[in-house]
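Participant: Submitted below is the structure of interest, expressed as structure tokens.
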Amino acid sequence: MTACTIVWLRQDLRLVDNPALHAAAVRGKVLPVYILDDDSPGPWRMGGAQRWWLHHSLQSLAKALAKKGMPLWLKKGDPRIIFPALCQSVGADAVYWNRRYTPWGIAVDKALKESLKEAVEVRSFNGSLLFEPWEVKTGEGNWFKVFTPYWKKCLAQVEIGDSLPVPGGLKSPEKIPEGDRLEDWHLLPTKPDWAGGFRETWQPGEAGAGKQLERFLVSRLSYYADKRDVPVADATSGLSPFLHVGEVSPRQIWCAVHMAAAQEGHLEKPVQKFLSELGWREFSYHLLYHFPELPELSFRREFNAFPWEQNDRYLLAWQKGQTGIPIVDAGMRELWHTGVMHNRARMLAASFLTKNLLIHWREGADWFWDTLVDADLANNSASWQWVAGSGVDAAPYFRIFNPVLQSRKFDPEGEYIRRWVPELAALDKDTIHAPWEKKIRPKGYPEPLVDLYATRDRALQAYQQIKKRG
Ligand SMILES: Cc1cc2nc3c(=O)[nH]c(=O)nc-3n(C[C@H](O)[C@H](O)[C@H](O)COP(=O)(O)OP(=O)(O)OC[C@H]3O[C@@H](n4cnc5c(N)ncnc54)[C@H](O)[C@@H]3O)c2cc1C
């Protein structure tokens, strides 16, 4: 009897450089499977923006597999219940998957492996990271809590091989039970359909990821290091949502940028800068793996006593991009329209929420979770804690961003604000960052929710309180 492997696809929705799929194809017949498990993640059930992305990503993957004569089997439910029956009905003697690192993902995978391993071979692979979180250790054998030495260690022990090709000669099992229809999962918004801006901005799927990477290498990489902080410069890769669902692997990106640098020597500086950002992704996964409470609890314990404020009116104004602080509102509206926000704007919006409004970073992380197409438990939790000052290797608390100074520095002409906040479009480049300074009240645009200087002082006082206690 020919061997038959079920490949459980999760955050690796691609055919190229997919170690689990590749190894399964070498064994014999293959059934690629995707399971929508809405219960195991608990409060971190997939958000609305990601559901939109997932729908299109699965559609695109199913098409690519169909071209190879392969189905993509879909099922909603608990993998621990679905797999034993599925293995029996297709006659599978192995289940392969690429590893994931969310606390609930690890728990489900462990339990499933335990329950299946008597009956079938279960193997897992690394398809999502350059470095497994447990492989990188300090001299004393501990996990890293500071990025720079972490990344130095990674680079010193780097051995990134070539990407794997699309497996050839894929064959599916003859007998496959009926799965779900993607449409029946209702992943797309209907009433209201808020995804118009997403459709204009993105092409989810492996082919879309390839185009995005190519565009970055050809036209953006050369000025990445100098312009990555400028929201209107279009200098960053835009790869985060593709990386999150694994439509491209970090190894493919690693190889592609190194090849670009080898061809053109002057790219060395932007390549190193760009790779260090990929390094922050690796570091965030390292942190989540070693401190699985990262999405829920402040890493620095003294923050448990921080006097956060509950203010639904402020929170709603922030979510809607109606805070009266132009750069913050531009970022929040970009997020609502496109499903992403430029990194600099994410930092400013997060800082304003946690420090000027004193609203808990969890509230911000929750909103991002629902609205970002790249919402990623590791990156989102680590970044929110970094900005809030409560995290591992976080920005020092007293360095509170002044959104107006930041806006003048990184959006000097006010183009980003003009693009996303049309009420301010007619203002000149001096006024647009802080119209209230010139006593200008643009029609339809709110006054600032709070005074930036007074709230900065209040945040510093609150921090002094917990520092004394801590
Ligand atoms: C409050 C806050 C929340 C965030 N939430 C997320 C999130 O949910 N998902 C997410 O992918 N990123 C998150 N980030 C990090 C960062 O903003 C995005 O990764 C980046 O803006 C994506 O754009 P890009 O692909 O063009 O990035 P590029 O600059 O082209 O970087 C390349 C890749 O490196 C990784 N990366 C870059 N910066 C960071 C970073 N600071 N931390 C971790 N990885 C990074 C991403 O995978 C990114 O695609 C957050 C940042 C902040 C401040």
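Values quoted throughout were computed directly from the atomic coordinates according to the rules given, and no laboratory measurement underlies them. These figures come from a predicted structure and were not determined experimentally. In this analysis, Cβ positions are derived from the backbone assuming ideal geometry, glycine residues included, and neighbour counts consider all displayed protein chains.
Participant: Loop only by DSSP, 11 or fewer other Cβ within 10 Å of the Cβ. Give me the chymotrypsin sites (Phe, Trp or Tyr not before Pro) in the range 100-182 that pass, ordered by residue number.
Facilitator: Trp134
Participant: Treating the chain as a set of equal point scatterers at the Cα positions, no solvent, please give the Debye-formula log₁₀ I(q)/I(0) at q = 0.10, 0.12, 0.13 Å⁻¹.
Facilitator: These q points yield log10 I(q)/I(0) values of -0.79, -1.12, -1.29.
Participant: Per DSSP H run of n ≥ 4, the term is -39500 (n - 2.57); total these for the chain, divide by its residue number, and report the mean residue ellipticity at 222 nm rounded to 500 deg cm²/dmol.
Facilitator: Rounded to the nearest 500, it is -14000 deg cm²/dmol.
Participant: Which of the residue pairs Lys29/Lys76; Lys137/Lys467; Lys227/Lys320; Lys29/Lys68; Lys227/Lys355; Lys227/Lys269 have a Cα-Cα distance greater than 19 Å in the structure shown?
Facilitator: Lys29/Lys76; Lys137/Lys467; Lys227/Lys320; Lys227/Lys355
Participant: Amide H neighbours of Val30 under 5 Å, at least 5 residues apart or on other chains, H built in the peptide plane: list them.
Facilitator: Here the answer is Thr5, Lys171, Ser172, since their amide H atoms fall under 5 Å of that of Val30.
Participant: Let me ask another. So what is the relative contact order for the chain, in percent, with contacts set as C-alpha pairs under 8 Å and at least six apart?
Facilitator: Relative contact order of the chain: 18 percent.
Participant: Also, quick follow-up: Can you list residues from other chains, or at least 5 along the same chain, whose modelled amide H is less than 5 Å from the amide H of Leu36?
Facilitator: Under 5 Å from the amide H of Leu36: Lys75, Lys76, Gly77.
Participant: Taking the Cβ of Gly69 as the centre, find all other residues whose Cβ is under 13 Å away and add up their charges (Lys, Arg: +1; Asp, Glu: -1).
Facilitator: So the surrounding residues net to +4.
Participant: Under a Cβ-Cβ cut-off of 14 Å, what is the net charge of the residues other than Val373 that fall near it, where Lys and Arg count +1 and Asp and Glu count -1?
Facilitator: Numbers: positive: Arg51, Arg199, Arg346; negative: Glu200, Glu247, Glu334, Asp370, Asp374, Asp376.
Taking every Cβ under 14 Å from that of Val373, the sum is -3.
Participant: Among the trypsin sites (Lys or Arg not before Pro) in the range 406-444, which ones are in a DSSP loop with at most 11 other Cβ atoms within 10 Å of the Cβ? Mind listing them?
Facilitator: The qualifying sites are Lys439, Lys443.
Participant: Additional query: Based on the alpha-carbon gyration tensor of the range 360-470, what equivalent-ellipsoid semi-axes (square roots of 5 times the eigenvalues) come out, in whole Å, largest first?
Facilitator: 29, 20, 13
Participant: Among all the aspartates and glutamates, which ones have a C-alpha under 16 Å from Lys429's C-alpha, if same-chain residues fewer than 8 places away are not counted?
Facilitator: Cross-link targets: Asp411, Glu413, Glu415, Glu437.
Participant: Within a 10 angstrom radius of the beta carbon, how do Trp384, Trp194 rank from fewest other beta carbons to most?
Facilitator: Trp194, Trp384
Participant: Now, a different point. List the longest stretch of the chain that has no exposed loop site; here a site is one of the GluC sites (Glu not before Pro) assigned by DSSP to anything other than H, G, I, E or B, with at most 15 other Cβ within 10 Å.
Facilitator: 1-117
Participant: Quick check on the range 126-217: what does the Kirkwood estimate of hydrodynamic radius come out to from the alpha carbon pairs, in Å?
Facilitator: 18.9 Å
Participant: Give the separation of the Cα centroids, the range 107-137 to the range 429-470, in Å.
Facilitator: Answer, in whole Å: 47.
Participant: Return the ratio Rg/(2.2 N^0.38 Å) for the range 1-124, where Rg is computed over Cα atoms only.
Facilitator: My calculation over the Cα atoms of the range 1-124 gives 1.02.
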